[in-house]
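Taking it in order: structure first as structure tokens, then the write-up.
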Amino acid sequence: DDLSSFDLIVALSPASQRRALDLTRFFHLDVVYWPIMDPTGLAQTREARLEAYRKTRDQIVGHLIERWGPPDEEEETA
């Protein structure tokens, strides 16, 4: 793939960060690492699994807002 069309890669695990850094060493783009909880296998009940996935979703949303700010109201309704 042509990585020159990207400006940013967000890695969600240490392994993906290492791989992204290796693949992009000759390109001018940023690689950032967001430590995100892996929800797979964390809970036994359906409700507990859903809660683990919700927490992971909320972590990702928090990082997005921290980096780019909250979405515009008109974007939310689109």
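Do any helices (runs of 4 or more DSSP H) lying entirely in the chain carry at least 3 residues that are surrounded by 13 or more Cβ atoms within 10 Å (Cβ to Cβ) and either over 16 Å from the mean Cα position of the chain (by Cα) or at pLDDT 95 or above (or both), and which ones are they?
So the answer is 14-23, 46-68.
Are any residues in the stretch 2-31 of a type in the set (Val, Ile, Thr) and out of contact with any Leu (no Cβ under 7 Å at 6 or more places or on another chain), and if so, which ones?
10
Any chance you could count how many residues in the stretch 15-69 are over 27 Å from residue 2 (Cα atoms) and not aliphatic (A, V, I, L, M)?
20
The values are calculated or read from the model by the stated rules, or taken from the named source; none is laboratory data. Note that the structure is predicted; figures quoted are calculated from it, not measured. Backbone-built Cβ (ideal geometry, glycine too); neighbour counts: all protein chains shown.
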